[in-house]
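Everything below concerns the one structure shown next.
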Amino acid sequence: MDCVVNGPIPTDFMTNTEDRLAAYRFNSDTLELSVLDQLLLPHESVFIQVRGAPLTAVVGALGLLIEMNQVDFASADEFVRFVEEKVAYLIESRPTAINLRNALEHIIEVAKEEGDADVRKHRVAEAILKLLNDETEENRRLIWNGYQEILSLKPPRSKFVLMTICNTGALATSSWGTALGVIYALHQADLVEMVYALETRPYNQGVRLTATELRSAKVPFKLITDSMAAWTMKTHKIDAILVGADQVALNGDTANKIGTYMLAVLAKHHSVPFYAVVPVTSVNLSRQTGDDITIEERPAAEMLSINGVFIGAEDTPVWNPAFDVTPGALITKIITDCGNFAPEDLKNANLKQI
């Protein structure tokens, strides 16, 4: 299957990165990697940690590249075992992120190709750097497809009022982002009237990250609590809701940050188009429905504290799933870098050929 792009992409589309925040810095000559510690935003900018499914995949792979170049392997088998162990650890660290699994499993396949340890190491290094370059171009196609989809909702030159949850921008990817990337494209065309960004409890990615990104890019926005979403839809004309996803099942069920399912239910009630914006690699071909997706659960302290300060008794019983699954029936379209799909059409899209 060939990736579908909605018309030719202009050469200058999403090339101005002046106002875009950087989630990481990588020097391919010295193999030095530093990652923005997003736990400290918006108060400090310190480079160290990682989050976001697409970014986790890229940085996980770059981390493997750096580590394997610090080891002299006695044999090809030893190198393959090393790669397999590191990949297993990285996948376990973020079970919901199918991007991470896909990227790293491909690296294992490359590591197992014929050759001695040095040949295989060089081949894996090339595959990892190609992953980085491919992600940038795929992200540009994804944003273009989403941009065209949103433009189709209203007459030409109309401005849009949008809503989003969690953080899906430059701080979550190695480029512009997914859902937030589409919003940036609309903003660069002066087509954004307002963005309503949900705070995204309990980890506050909307407050700490999305608000920081939107402010940096000079996008008009207002931050709202998660519980304000329904009233915002009732009292303001929301043209579309754009969200990201960690993975999508073949029936269109979509796993994303907790609160997304709630937002989709509200969107359905208020007749607001609801879009999941994801790389096509986020479609998990081994998951028939959302019931097959493993949902990561997080420590109680993340719900009971903010920036390390407890706002409730430390021994309060807590259930803290990090993600939920939005049924495909609540999603208008799944926007990808290889075309935009009604959820029910995913299973017939022949994605294995991509």
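The values are calculated or read from the model by the stated rules, or taken from the named source; none is laboratory data. No experiment lies behind these values; they were computed from the predicted model shown. Cβ sites come from the backbone with ideal geometry, for glycine too, and all protein chains shown count toward neighbours.
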task: Give the residues of region 108-150 that are of a type in the set (Val, Ile, Thr) and in contact with a helix residue (DSSP H, G or I) (Cβ under 6 Å, 6 or more places away or on another chain), sorted by residue number.
output: Ile108, Val110, Val124, Ile128, Ile143
- prompt: Does at least one position in region 246-254 carry a residue that is surrounded by fewer than 22 Cβ atoms within 10 Å (Cβ to Cβ), of a type outside the set (D, E, K, R) and closer than 30 Å to Pro317 by Cβ?
  reply: no
- line: Pairing a residue in region 283-309 that is more than 13 Å from Ala255 (Cβ to Cβ) and not assigned by the TED database to the domain that holds Asn102 with any residue that is modelled with pLDDT under 90 and not in a loop (DSSP other than H, G, I, E, B), where Cβ atoms lie under 7 Å and the two sit 6 or more apart in sequence or on different chains, gives Leu285/Leu351; Leu285/Lys352
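Any residue at all in region 192-206 that's touching a helix residue (DSSP H, G or I) at 6+ places or on another chain (Cβ under 7 Å), within 23 Å of Phe323 (Cα to Cα) and of a type in the set (Lys, Arg)? Show your work before the answer.
From region 192-206, those touching a helix residue (DSSP H, G or I) at 6+ places or on another chain (Cβ under 7 Å) are 192, 195-203; that's our starting set.
Restricting the remaining residues to those that are within 23 Å of Phe323 (Cα to Cα) gives 195-203.
Among the residues that remain, those that are also of a type in the set (Lys, Arg) are: 201.
Yes - at least one qualifying residue is present in region 192-206.
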query: So, of the residues in region 239-281 that are over 18 Å from Asp324 (Cβ atoms) and among the polar types (S, T, N, Q), which turns out to be farthest from the chain's Cα centre (by Cα)?
result: Ser271
message: Tally up the residues in region 317-353 that are under 29 Å from Pro202 (Cβ atoms), out of contact with any strand residue (DSSP E or B) (no Cβ under 9 Å at 6 or more places or on another chain) and either assigned to a loop (DSSP other than H, G, I, E, B) or outside the structural domain of Val265 (by the TED database) (or both), please.
response: 2
- request: Please determine, by comparing only the residues of region 326-354 that are of a type in the set (S, T, N, Q) and modelled with pLDDT under 90, which one is nearest to Pro273 (Cα to Cα).
  value: Asn348
task: Give region 91-132 a look and list any residue that's at pLDDT below 80 and either loosely packed, with under 15 Cβ neighbours inside 10 Å or β-branched (Val, Ile, Thr) (or both), or say none.
output: Ile91, Glu92, Ser93, Thr96, Ile98
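More than 24 Å from Ser174 (Cα to Cα), assigned by the TED database to the domain that holds Ala172, out of contact with any strand residue (DSSP E or B) (no Cβ under 9 Å at 6 or more places or on another chain) and among the hydrophobic types (A, V, I, L, M, F, W, C): is that true of Ala264 in this structure?
On the way: more than 24 Å from Ser174 (Cα to Cα): yes; assigned by the TED database to the domain that holds Ala172: yes; out of contact with any strand residue (DSSP E or B) (no Cβ under 9 Å at 6 or more places or on another chain): no; among the hydrophobic types (A, V, I, L, M, F, W, C): yes.
No, not satisfied.
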- line: Restricting attention to region 256-312, the residues that are touching a Phe, Trp or Tyr at 6+ places or on another chain (Cβ under 7 Å) and not aliphatic (A, V, I, L, M) number exactly 4
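Just to be sure before I move on: is Pro279 over 17 Å from Asn99 (Cβ atoms) and not small (Gly, Ala, Ser) in the structure I sent?
Numbers: over 17 Å from Asn99 (Cβ atoms): no; not small (Gly, Ala, Ser): yes.
Spelling it out, it is not the case that Pro279 is over 17 Å from Asn99 (Cβ atoms) and not small (Gly, Ala, Ser).
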field: The listed residue being of a type in the set (Phe, Trp, Tyr) and over 24 Å from Gln148 (Cα atoms), out of Tyr203, Tyr184, Tyr196
entry: Tyr203
query: Restricting the search to region 89-129, which residues are under 14 Å from Thr281 (Cβ atoms), out of contact with any Lys or Arg (no Cβ under 6 Å at 6 or more places or on another chain) and in a helix (DSSP H, G or I)?
result: Ile98, Asn99, Arg101, Asn102, Ala103, Leu104, Glu105, His106, Ile107
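On the given criteria, is Leu142 surrounded by 20 or more Cβ atoms within 10 Å (Cβ to Cβ), aliphatic (A, V, I, L, M) and assigned to a helix (DSSP H, G or I)? Reasoning before the result, please.
Working: surrounded by 20 or more Cβ atoms within 10 Å (Cβ to Cβ): yes; aliphatic (A, V, I, L, M): yes; assigned to a helix (DSSP H, G or I): yes.
So Leu142 fits the description; yes.
Please work out if Lys159 is touching a strand residue (DSSP E or B) at 6+ places or on another chain (Cβ under 6 Å), surrounded by fewer than 17 Cβ atoms within 10 Å (Cβ to Cβ) and either basic (Lys, Arg) or more than 22 Å from Ala264 (Cβ to Cβ) (or both). Give the derivation first.
Numbers: touching a strand residue (DSSP E or B) at 6+ places or on another chain (Cβ under 6 Å): yes; surrounded by fewer than 17 Cβ atoms within 10 Å (Cβ to Cβ): yes; either basic (Lys, Arg) or more than 22 Å from Ala264 (Cβ to Cβ) (or both): yes.
Yes: the conditions hold for Lys159.
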- line: Note on region 224-238: residues under 22 Å from the mean Cα position of the chain (by Cα) and buried (at least 16 other Cβ atoms within 10 Å of the Cβ) are Ile224, Asp226, Ala229
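Just the residues that are aromatic (Phe, Trp, Tyr) and in a helix (DSSP H, G or I), please, taken from region 187-241. Explain how you work it out, then say what you get.
Going residue by residue through region 187-241, those that are aromatic (Phe, Trp, Tyr) are 196, 203, 221, 231.
Once the filter is applied, which keeps residues that are aromatic (Phe, Trp, Tyr) and in a helix (DSSP H, G or I), region 187-241 yields only Trp231.
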